[in-house]
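Every number in this text was worked out from the coordinates using simple rules, so none of it is lab data. This one's a predicted model, so the numbers in the text were calculated from it and none came from an experiment. As a convention, Cβ positions derive from the backbone with ideal geometry for all residues, glycine included, and neighbour counts pool all protein chains shown.
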């Protein structure tokens with residue numbers, strides 16, 4: 001036995017933790033159910049669009065996969081946000097978090113391992129999504145857009161941000177149920193505000209003093225903030241408003257913003273974890 | 001070697017560990033005793049570098065323990081009072097995961113060795129969460145031994161074990177001591193401590209109030225339990241009290 005400690009590179013620790021995280025995520029049914037739901041949602045949206053086109057008598061849709069792909073990736077991102085929150089909260093609740101820290105693990109390597117593992121799991125689902133959309137293209141006759149591979153690959157960045165968001169929210173909770181509840185409420189507010197904004201914009205305005213106008217302004221203000229804060233907004237900005245329509249600058253800004261936001265969230269999560277401690281229930 | 005010098009930790013207004021100073025030599029088994037809430041687990045968490053101290057220092061094998069010091073943890077194998085496992089993992093997979101984490105050379109072979117050492121070779125393919133508490137305790141010990149650390153920190157290693165389990169853990173501690181490993185363990189099972197430890201220290205309300213060899217404690221009080229009750233009840237010869 002030698003008293004000089006062996007050095008374990010941080011990258012190795014992250015890789016080992018990430019491998020376990022990815023294996024745990026891909027070993028359950030949840031990820032495959034989420035992928036199926038994402039594809040079903042995408043096909044349903046495509047059918048809605050086709051029906052609308054049929055009613056309107058328009059023959060050529062400009063980009064039939066834009067909204068379906070947005071929704072499919074959003075469903076997957078939501079699933080991985082929940083996975084990140086559940087996995088992080090479960091580590092603390094079950095006591096495995098403290099046991100990990102008996103080894104060469106610190107806050108940064110632990111969080112990076114979790115993030116990388118779940119991004120890898122997300123990446124594994126992307127070929128399934130692509131295959132599903134390819135099947136839809138064959139059946140519907142609508143050709144897949146050439147930007148699809150780029151959309152899928154670049155979606156890894158906002159997906160990482162969503163995972164980081166789930167981890168950050170779960171660091172503060174001691175129970176799995178609380179983590180899911182907190183994430184659910186926050187995601188509902190973020191996605192709900194965007195949806196409400198879209199709906200209100202479609203409401204006709206009868207006169208200049210209509211209360212709908214004030215509501216529009218309020219929701220527009222909220223969405224302007226969420227546009228830069230919500231991880232779900234980044235997914236839409238990079239894929240739907242960026243790559244899908246060839247707006248590469250928008251996509252690039254979105255990618256840079258998402259990367260910075262992910263780093264900030266991980267730094268906050270590490271500081272919070274350090275402050276709370278790793279034992280069950282926190283200090 | 002463990003060297004703790006004037007270690008202090010407070011939680012709000014409560015002082016969990018108050019100016020603790022002690023030394024433990026390599027190859028020594030040190031029984032760390034105290035009532036619930038006396039500060040034993042807090043001390044051990046600080047020794048592991050997962051909890052920061054408010055004052056004082058800890059050195060393990062000469063290396064200053066700092067919170068978050070990943071390399072420092074390579075010197076210590078730790079087992080908590082309750083074992084926690086990933087539900088999907090077998091005993092073998094669990095140990096392989098930690099062997100990879102500790103970057104143990106030839107991890108598969110090492111996992112087989114430690115499983116055999118703790119008598120779990122025939123349970124390698126069973127899920128860790130399905131084992132009895134005693135066997136889970138052994139699996140925790142196997143994990144702590146994986147990277148061959150010079151120091152073992154065991155928090156209540158025989159808590160909840162049946163007599164067979166207690167004897168097996170005792171034998172394992174003695175075996176590791178004979179290999180030159182320093183074993184620092186806390187326990188409420190005083191008869192067990194008397195059989196295994198070379199020295200004991202008794203904590204009371206965050207302070208180390210008594211320290212002696214086991215032989216010395218037995219000579220002075222008859223049993224460790226009598227020593228413990230006398231010390232923590234305030235009825236002890238002044239000369240035996242730790243300053």
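What is the ratio of the Cα radius of gyration of the range B:37-156 to 2.2 N^0.38 Å, with N the residue count, to two decimals? Walk me through the numbers on the way to the answer.
On the way: Rg = 14.9 Å, N = 120, 2.2 N^0.38 = 13.6 Å.
Here the answer is 1.10, to two decimals.
Using r as the Cβ-Cβ distance of residue B:171 and residue A:198, and R0 as 60 Å, what FRET efficiency do you calculate, to the nearest 0.05?
Working: r = 70 Å, r/R0 = 1.16.
Calculated value: 0.30.
Label sites at residue B:133 and residue A:131, each approximated as a point 7 angstrom past Cα along Cα to Cβ, lie 4.7 nm apart.
Share of Cα-Cα pairs in the range A:85-208 beyond 26 Å, in percent?
Values: 3457 of 7626 pairs.
Distances greater than 26 Å cover 45 percent of the Cα pairs.
Going from the alpha-carbon gyration tensor of the range B:144-243, what semi-axes, largest first and in whole Å, does one get by taking the root of 5 times each eigenvalue?
Over the Cα atoms of the range B:144-243, the ellipsoid semi-axes are 26, 15, 12 Å.
Above 18 Å lies some portion of the pair distances; for the range A:184-283, what is it as a whole percent of all C-alpha pairs? It works out to 63 percent of all Cα pairs.
What's the long-distance tail for chain B, i.e. % of Cα pairs beyond 22 Å? Walk me through the numbers before you get to the answer.
Details: 15577 of 29403 pairs.
More than 22 Å apart: 53 percent of the Cα pairs in chain B.
Relative to its Kirkwood radius, the Cα radius of gyration of the range B:109-168 gives an Rg/Rh of 0.95. Using the Cβ-Cβ distance between residue A:177 and residue B:8 with R0 = 30 Å, the FRET efficiency computed as 1/(1 + (r/R0)^6) comes to roughly 0.20. Each Cα pair under 8 Å and six or more residues apart adds its separation to the average, and for chain B the resulting relative contact order is 25 percent.
Kindly provide the helix-only [θ] at 222 nm of chain B, computed as the sum of -39,500 (n - 2.57) over DSSP H runs of four or more divided by all residues, to the nearest 500 deg cm²/dmol? The partial results should precede the final answer.
Numbers: 8 runs with 84 residues, N = 243.
Only helices count here, giving -10500 deg cm²/dmol.
Under Stokes-Einstein, with the Kirkwood radius over Cα pairs standing in for Rh, what whole-number D in µm²/s applies to the protein assembly as shown at 4 °C and 1.567 mPa s? Using the Kirkwood radius from Cα pairs, D works out to 50 µm²/s.
Provide a whole-number value for the mean count of partner chain Cβ atoms within 10 Å of the Cβ atoms in peptide B:73-86.
On the way: counts 8, 7, 6, 3, 2, 5, 2, 6, 0, 4, 3, 10, 4, 8.
Neighbouring Cβ atoms belonging to other protein chains average 5 per residue here.
Taking chain A as a Gaussian network of alpha-carbon nodes connected by springs under 10 Å, the highest mean-square fluctuation of the residues A:31, A:225, A:55 belongs to A:55. The gain in end-to-end length when the residue A:214 to residue A:138 segment is fully stretched comes to 22.8 nm, 0.36 nm per residue minus the alpha carbon separation. Along each principal axis, taking the top coordinate minus the bottom one, the Cα set of the range A:203-251 gives 39, 22, 14 Å in descending order.
Using a cutoff of 8 angstrom between alpha carbon atoms and counting only pairs six or more residues apart, the relative contact order for chain A works out to 27 percent.
Counting other Cβ atoms within 10 Å as a rough exposure proxy, the listed residues B:66, A:6 run B:66, A:6 from fewest neighbours to most.
Select from B:152, B:51, B:139 the residue whose mean-square fluctuation is largest in a Gaussian network model of chain B (Cα-Cα springs shorter than 10 Å). Taking springs between Cα atoms under 10 Å, the residue moving most is B:51. The simple spin-label model puts a point 7 Å past each Cα toward its Cβ; for residue A:207 and residue A:185 those points are separated by 4.0 nm. Kindly list the residues of the range A:113-153 that lie in the label zone of residue A:47, defined by a backbone N under 13 Å from the point 7 Å along the Cα-to-C-beta vector. Taking a point 7 Å out along Cα→Cβ of residue A:47, the residues of the range A:113-153 whose backbone N falls under 13 Å are A:140. For the range A:23-127, the alpha-carbon radius of gyration amounts to 1.48 times the rule-of-thumb value 2.2 N^0.38 Å expected for a compact globular protein. So what is log10(I(q)/I(0)) for chain A at q = 0.11, 0.15, 0.16 1/Å, when the Debye sum runs over its Cα atoms only? Relative scattering, expressed as log10 I(q)/I(0), comes to -0.70, -1.15, -1.26.
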